[in-house]
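One structure below.
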């Protein structure tokens, strides 16, 4: 006997479900189903068709955009019935921030924030900071954390940033850190 869904041979046993794909193999007569069973069967069939169409459109969109992955999600089409979504967004690397000694004084610097359509510009005054090696910038989903180290001070600032904007440019000029976020 063959499974009607995956077409694999399931032997002579009367399986209720296919041992390979899990599809129901024993067909009940329509009269043995309750009303809930009938509705569930209809809804699951419609749901399956809609999901197939959705993933065809999604796969076409991914191909059309050259596989661009801006949201941190990759959809991989497999030969099975359900697609697999995987997150490609990685947690920020905090190893450099954890290796530095904690200074005696922690200061929250002032930040000048300019919001533009599709952009966010931030200027932070960091007295005593003369090179980018003394600055750690960690971008999270909804915020950005800036740590700047001198021998005896730590400048620490958390800035709320929209999730769809990424750090586009960073620059240090005259003890002022300039950050630009764009989509």
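The values are calculated or read from the model by the stated rules, or taken from the named source; none is laboratory data. The shown structure was predicted, so the numbers you read here are calculated from the model rather than taken from an experiment. Virtual Cβ from ideal backbone geometry, glycine too; neighbours counted across all protein chains shown.
A few comments on the model shown:
- Of the residues making up region 138-153, those that are surrounded by fewer than 17 Cβ atoms within 10 Å (Cβ to Cβ) and at pLDDT 90 or above number 1.
- Among the residues making up region 18-72, a single one is within 30 Å of residue 165 (Cα to Cα), in contact with a helix residue (DSSP H, G or I) (Cβ under 9 Å, 6 or more places away or on another chain) and either at pLDDT 75 or above or surrounded by 12 or more Cβ atoms within 10 Å (Cβ to Cβ) (or both): 69.
- Candidate set from region 103-141 (those that are in a loop (DSSP other than H, G, I, E, B) and free of Cβ contacts under 8 Å to residues at least 24 places away in the same chain); member that is nearest to residue 155 (Cα to Cα): 110
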